[in-house]
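The values are calculated or read from the model by the stated rules, or taken from the named source; none is laboratory data. Everything numeric here is computed off the predicted structure, so don't read it as measured data. All Cβ positions, glycine included, derive from the backbone under ideal geometry; neighbour counts span all protein chains shown. For accessibility, only protein heavy atoms count, side chains too; no ligands or nucleic acids. Shrake-Rupley method; radii C 1.70, N 1.55, O 1.52, S 1.80 Å.
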Amino acid sequence: MGKISINIATGSIQKEEMIVGIDLGTTNSLVAIIHPDTKKPTVLKEYDGHALVPSIIYFDKSNHAVIGDEAKKKLKEEPQHTIFSVKRLMGKSYQDIKDYTGFYTYNVIDDNSDSLVKVQVGEKFYSPIELSSYILNELKKRAEHILKTPVTKAVITVPAYFNDAQRQATRDAGKLAGLDVLRVVNEPTAASLAYGMGLDKNETKTIAVYDLGGGTFDMSILRINGGIFEVLSTNGDTNLGGDDFDRAIVNFWIQQNNLSKEQIEKDKKQYQAFRLLSEKAKVHLSNNKEFTGEIGQQQFKLTKNEFEKLIQPLMQQTMNCCQNALQDASLTKEDIDEVIMVGGSTRVPIVKETVSKFFGKTVHDSLNPDEVVALGAAIQADILAGNNNELLLLDITPLSLGIETMGGLMDMLIPRNSKIPSKASRQYTTQKDGQSGIRIAVYQGERDLVKDNRKLAEFNLTGIPGMPAGLPKIEVSFLVNADGILLVTAKELRSGLEQSIEVKPQYGLTDEEVEKMLLDSVTNAKEDIATRALVEAKTEAAQMIDVTQKFLEKNKTVLTQEEIDNTKMAIQQLEKEMTEGNKDQIHTAIEHLNEISKPYAERVMDEAIGSALKGKSI
Ligand code: AMP
């Protein structure tokens, strides 16, 4: 039996469960829905008009979590019990963030550099997934309170640059919060939806989305064609945002007043006071020419001009990302039809001006830059609810995906910049007779040797029925789903044996690492080709030796001693060349072994066929 609820936000009768759109931000989070009456995306607001929930968690003395504005108030007083910017920690290891720990006023644990980070508050340890789940749970509760109906289904947005681990972490956080996460959507895709782009099926447009939030910068180039969204390229920096503007101001004040940076950073309370005042100054300067504030007895000043100079290098960094994104999409500035501004930091006038100047266009900034992503998430939720099934979203993979084959070579199944959802499969076989298992190691990266790429996962397909080498047909399939999460399946086609895993890597890659991996693949291309050729030659040689030795063993009674001796010598020669490592000489030795074994191999085959036919009448 279902209950009828009256939606107090909209005043209408709520018949079906709503799927909400959630922008889980670094600084603030919010929820939006499609208004059942107006059919317009609407941000859920408290009775006082409040929509943003600061993404901050405060743990009180009894370890009870308080989320949002109440928690924000504790930033200054109890910095070690107040967790902010947790999104920066999602899917990361200590190794990934160790250069930024000065930024956190709470305790980020350095235990094992390769495992996911934990945050310590008092006696307790929390994973970023748990911490994010507290925020999501708070959003869920607020939405339920406003809508007067249970909320269990959601679309959550993530920066376009989020890798597998980070997307999975976001999904897990949703699950922990009691939400069925129907889709993880890229923030720039949501933003373009919010501006109504792509809703007209005849429209073809190339869009640049400039998203400068509190902690992350995302640059995306999208193309909309016939109602289909396609991300042509993404670029950005998960460690660049309004927080960095604040830090630049703090450093400026420290320098200007001859204060000790070390001492201030050590005193968590004082550092927090500086952080909060610097943010206040920044926001003030979006509409004013000068700012004055105090910490204790001391006065701190900043002019708009000074501020603009301070953030100039950071602005330049974002413009470089724009340039790179264009290049990756093989486009020039002139190809961009629309520029969309997203994120609270795009309220800074100089940010808008710089971006507008770069693209030579007026930028779209009519929607509230804090709400635009959540509004788009609500539209996506509506599409998933089946209310708008003419739209389809396509994204791309940032790095190539493949598996390790003989000799440590990377066999690429899904190339970088492939549209997702995407599927690819390829057949492999065994190297040895009776081999019952095969190891599938999954890698991400652009280099030819897997050791230069990043390992995502590994599993064994075991229980393959005994068959001669080369006979089993093992099909490895990669499926990158619409969330950008990879599912790897290995199936032995003759026996139907199958195994699969969802790839949840141990920890994420930083943007710098992604960039470095791409750069390395270009600078090392020549070397890679040579190494690959050598590895292939060695693999071929090893297989040839294996087959020949087996043949000798099986047929020694029908071979002459000379044939056996010559073959053994040729094998020795080939083995020597394999250790020397010259690919051309390996090939010559393979050919030599081939020449020697070919005549008797043919003879033995003929005899075998002859004896098989003996006594049979035609
Ligand atoms: P977001 O992550 O999109 O919520 O963006 C939050 C960031 O925007 C924070 O760094 C805020 O300090 C910054 N921000 C919000 N309002 C303003 C404003 N009026 N002027 C400058 N920065 C702002």
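For the reader, a short list of remarks on this structure follows.
- Residue ID - farthest from the ligand (Cβ to nearest atom), chosen from residues in segment 24-48 that are open to solvent by less than 20 Å² (accessible area, probe 1.4 Å) and under 18 Å from D69 (Cα atoms): L44
- Which listed residue is among the polar types (S, T, N, Q), open to solvent by 30 Å² or more (accessible area, probe 1.4 Å) and at pLDDT below 85, from Q585, Q572, Q506, Q549: Q506
- Strands (runs of 3 or more DSSP E) (entirely within segment 117-209) containing at least 3 residues that are open to solvent by less than 10 Å² (accessible area, probe 1.4 Å), in the same structural domain as L326 (by TED's automatic domain parsing) and without any contact (Cβ under 8 Å) to a residue 40 or more places away in the chain: none
- Residue within segment 214-234 that is open to solvent by less than 20 Å² (accessible area, probe 1.4 Å), in contact with a Pro (Cβ under 8 Å, 6 or more places away or on another chain), outside any loop (DSSP other than H, G, I, E, B) and within 13 Å of the ligand (Cβ to nearest atom) present: yes
- Every listed requirement among (1) at pLDDT 85 or above; (2) within 22 Å of L401 (Cβ to Cβ); (3) not charged (D, E, K, R) is met by L559 save one, (2).
- Residues that are touching a Phe, Trp or Tyr at 6+ places or on another chain (Cβ under 8 Å), open to solvent by 20 Å² or more (accessible area, probe 1.4 Å) and within 14 Å of the ligand (Cβ to nearest atom) within segment 240-277 comprise just one, R247.
- Per-region count, segment 313-364, residues within 16 Å of the ligand (Cβ to nearest atom) and open to solvent by less than 70 Å² (accessible area, probe 1.4 Å): 19
- Any chance S400 is open to solvent by 50 Å² or more (accessible area, probe 1.4 Å), farther than 21 Å from E540 by Cα and at pLDDT below 90: no
- Subset of segment 280-303 that is part of a helix (DSSP H, G or I) and open to solvent by less than 50 Å² (accessible area, probe 1.4 Å) - its residue that is farthest from the ligand (Cβ to nearest atom): A281
- Restricting segment 365-386 to residues that are more than 14 Å from the ligand (Cβ to nearest atom) and not in a loop (DSSP other than H, G, I, E, B), the residue that is surrounded by the fewest Cβ atoms within 10 Å (Cβ to Cβ) is L384.
- Considering (1) open to solvent by 50 Å² or more (accessible area, probe 1.4 Å); (2) over 21 Å from D211 (Cα atoms); (3) not hydrophobic (A, V, I, L, M, F, W, C), the lone condition that K309 does not fulfil carries the number (2).
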